[in-house]
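One structure is given here, and the rest of the page talks about it.
What follows is calculated from the coordinates using simple rules that are stated; it is not laboratory data. This one's a predicted model, so the numbers in the text were calculated from it and none came from an experiment. Don't worry about glycine lacking a Cβ; one is built from the backbone with ideal geometry, like all the others, and counts go over all protein chains shown.
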Amino acid sequence: MVTRLRNTADEWRSLVNDMVSRGAQGSQSDIDNVVLYLSTNFGPAKGAAPSFTQAPAPSAPTQTAPAIALSPSAIANAKRVIAQNGCVACHRVGDEGSYIGPNLDDVGTRRKADEIRAAIVAPQPQVQPENRQVRLVQHDGKTIVGKILNQDGYSVQMVDATGKLATYSKSGLREFSIIDTNPMPSFGNKITGQDLDDLVRYLSSLAEPGK
């Protein structure tokens, strides 16, 4: 069986539209440019000027439709999941939780939904530098663990789980170590199904501090 060559832009457009109906994706400008290319380079008069004008420059992209608002029940379920799994032992959400781990109040502006899901199901083995913790042991044996803020040759500044800021002289320490391993366990087997979906959607919606 011999397939007849398509001769005109209309015939090529018919083929491309059929491809689109089968699932191919592209803007109208993309489709027009494909038709232009095919009819110009694969028609019988190869190299001849096409019989229709070139597609106009693409217009400004339209704004992406806003995400569907979370229902009150989905929000309540997400908060229940957070409470039952001890997330606030390290993270802070609103007026609750610890200052040791990353604050989640604006996590929706810093992470995409799939990144949030991955962090819950399979956390990275190491944390980002800004989220590293520090372990201090004073000469009297007292151990202090907190989130490191800054350090120099003489002192280290940190914040503890309650949000208290403190500066310690290195000369008064018996041990000083920075912890870059991620203390967050995997919740892949604990948070699943609708609970996981509601949690990811809720965290993705957190875009402003205190919200």
First check a/c for the stretch 133-179, with a ≥ b ≥ c the square roots of the eigenvalues of its C-alpha gyration tensor; if it is under 1.5, answer rounded, and if not, answer prolate when a/b is larger than b/c or oblate otherwise.
-> oblate
Convert each backbone phi in the stretch 129-134 into a coupling constant with the Karplus relation 6.51 cos²θ - 1.76 cosθ + 1.60 (shift: θ = phi - 60°), then list the ³J(HN,Hα) values in order as whole Hz, x for Gly and Pro.
-> x, 6, 10, 5, 9, 10
Listed pairs K170/K190; K112/K170; K112/K147; K147/K190; K79/K147; K79/K112 exceeding 30 Å between Cα atoms | K170/K190; K112/K170
FRET efficiency, Y154 to I75 (Cβ-Cβ, R0 45 Å, nearest 0.05) | 0.45
Can you list the residues, at least 5 places off or on another chain, whose amide H is less than 5 Å from the amide H of L149, using H built in the peptide plane?
-> Q157, M158, V159
If you rank F187, F176 by fewest surrounding Cβ atoms within 10 Å, what's the result?
-> F176, F187
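Treat the count of other C-beta atoms within 10 Å as a stand-in for reagent exposure and order D195, D152, D180 from fewest to most.
Values: D195 17, D152 8, D180 13.
Neighbour counts put them in this order, fewest first: D152, D180, D195.
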Per-residue ³J(HN,Hα) for the stretch 152-168, Karplus 6.51 cos²θ - 1.76 cosθ + 1.60, θ = phi - 60°, Hz, x for Gly and Pro = 9, x, 10, 8, 9, 10, 8, 10, 8, 4, 8, x, 6, 8, 8, 10, 10
